[in-house]
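Remarks on the structure that follows.
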Amino acid sequence: MRTPIMAGNWKMNKTIVEALDFAKAVKGPLASVKGVEKVICSSFVALAPLADAFKGTDFKLGSQDIYWEEQGAFTGEVSPLMLKEVCQMAIIGHSERRQYFGETDETVNKKIKAALAHGLTPIVCVGESLEQNQAGETEQFVGKQVRAALDGITAGQMADIVIAYEPIWAIGTGLAATADDANRIIGQVVRAAISELYGGTVAGQTRILYGGSVNTKNVEELMQQPDVDGGLVGGASLKPDDYITLAKVAAGVKGSA
Ligand code: PGA
């Protein structure tokens with residue numbers, strides 16, 4: 001059984017004060033909602049205050065990036081050693097980081113290994129561009145991204161890795177992939193690649209999320225797909241009421257785990 005995950009990716013949004021308001025608003029309504037892992041990926045600066053605010057709850061926190069060195073002369077970077085004091089997970093290789101900040105398959109791979117070495121669960125993002133999608137290259141490109149990200153990762157380490165399939169053309173556009181397509185790429189490309197690398201048992205245990213314009217209207221159909229193990233949600237995760245709905249739907253549809 002794969003416990004579903006509803007992860008909010010706040011991107012560069014919310015001050016500390018706003019983050020704390022959010023925590024206050026969602027804590028109560030989601031306290032009794034079990035069977036879903038509730039994850040908030042805030043800015044680096046909001047992580048420590050949020051860790052305090054969510055103390056004693058089953059919420060998990062994640063960073064939106066990580067550096068692969070533990071410490072040293074790397075001005076501006078944040079290391080896994082620092083992050084593990086305030087969060088449990090780390091988004092790695094989000095398409096915005098690949099697009100605007102020079103993230104490559106190689107740096108993604110290094111960051112995954114650094115996260116694992118410090119007990120942080122990577123949420124590894126893969127996904128094709130509109131051009132690749134229209135050129136019919138989705139399967140090949142996403143499969144390649146998965147294999148590159150996991151280069152040198154052992155079968156044992158796969159238990160601590162989450163993958164998020166996020167087609168770039170669906171991110172922030174209001175144009176989510178159809179539930180069928182999300183399920184097909186996740187099952188027949190991402191999970192299939194993991195199966196090729198590590199075998200069916202590991203592939204069957206790996207949690208793979210869908211991301212890209214998930215909202216309160218489409219979440220139910222997406223969560224009903226057998227290969228979709230939850231969501232990585234940007235815009236809709238910023239609103240407490242929407243996040244509460246998203247987490248409840250994931251728990252309701254999948255939550256017997
Ligand atoms: P979105 O973002 O839900 O706003 O489309 C998803 C993401 O980038 O993780």
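Evaluating 6.51 cos²θ - 1.76 cosθ + 1.60 at θ = phi - 60° for every residue in region 80-85, the Karplus couplings come out as x, 4, 6, 5, 5, 6 Hz, glycine and proline recorded as x. Per-residue 3J(HN,Hα) values for region 217-224, derived from phi via the Karplus relation 6.51 cos²θ - 1.76 cosθ + 1.60 with θ = phi - 60°, read 7, 9, 5, 5, 5, 5, 5, 6 Hz in sequence order (x marks Gly and Pro). The 3J(HN,Hα) values that the Karplus relation (6.51, -1.76, 1.60; θ = phi - 60°) gives for region 228-242 are, in residue order, 8, 9, x, x, 10, 10, x, x, 5, 7, 7, 9, x, 4, 5 Hz. Gly and Pro appear as x. Summarising the amide proton neighbourhood of Gly234: residues at separation of 5 or more, or on other chains, whose placed amide H is nearer than 5 Å comprise Asn9, Gly212, Ser213, Val214. From Cα pairs below 8 angstrom and at least 6 apart in sequence, can you work out the relative contact order of the chain, rounded to a whole percent? Relative CO of the chain lands at 24 percent. Checking the Cα-Cα distances for Lys27/Lys60; Lys110/Lys254; Lys34/Lys55 against a 21 Å cut-off, the pairs over it are Lys110/Lys254. Rounded to the nearest 500, the helix-only mean residue ellipticity at 222 nm of the chain stands at -11500 deg cm²/dmol, with each DSSP H run of n ≥ 4 adding -39,500 (n - 2.57). Percent of accessible area on the chain owned by carbon and sulfur, 1.4 Å probe? Roughly 51 percent of what the probe reaches on the chain is carbon or sulfur.
Roughly how big is the chain's charge dipole about its Cα centre, with Cβ charges of +1 (Lys, Arg) and -1 (Asp, Glu), in debye to the nearest 20?
Values: 24 positive and 30 negative charges, 144 e Å.
Dipole magnitude for the chain comes out near 700 debye.
Accessible surface area normalised per residue over region 5-254 is 43 Å², counting heavy atoms of protein chains with a 1.4 Å rolling probe.
Taking amide hydrogens as placed 1.01 Å from N in the peptide plane, the amide H of Val124 sits under 5 Å from those of Ile92, Val162, Ile163, Ala164, each at least 5 positions away in sequence or on another chain.
Any chance you could check the Cα centroid distance between region 199-257 and region 29-49 for me, in angstrom? Here the two parts' Cα centres lie 14 Å apart.
The Kirkwood hydrodynamic radius of the chain, based on inverse pair distances between different Cα atoms, is 18.0 Å.
Once backbone amide H atoms are built at 1.01 Å from N, Ser63 has Met89, Ala90, Ile91 as its partners under 5 Å, excluding neighbours fewer than 5 places away on the same chain.
The values are calculated or read from the model by the stated rules, or taken from the named source; none is laboratory data. Source: prediction; values computed, not measured. With ideal geometry, Cβ positions are generated from the backbone for all residues, glycine too; neighbour counts draw on all protein chains shown. Ligands, DNA and RNA are excluded from the accessible area calculation, which covers all protein heavy atoms including side chains. Shrake-Rupley method; radii C 1.70, N 1.55, O 1.52, S 1.80 Å.
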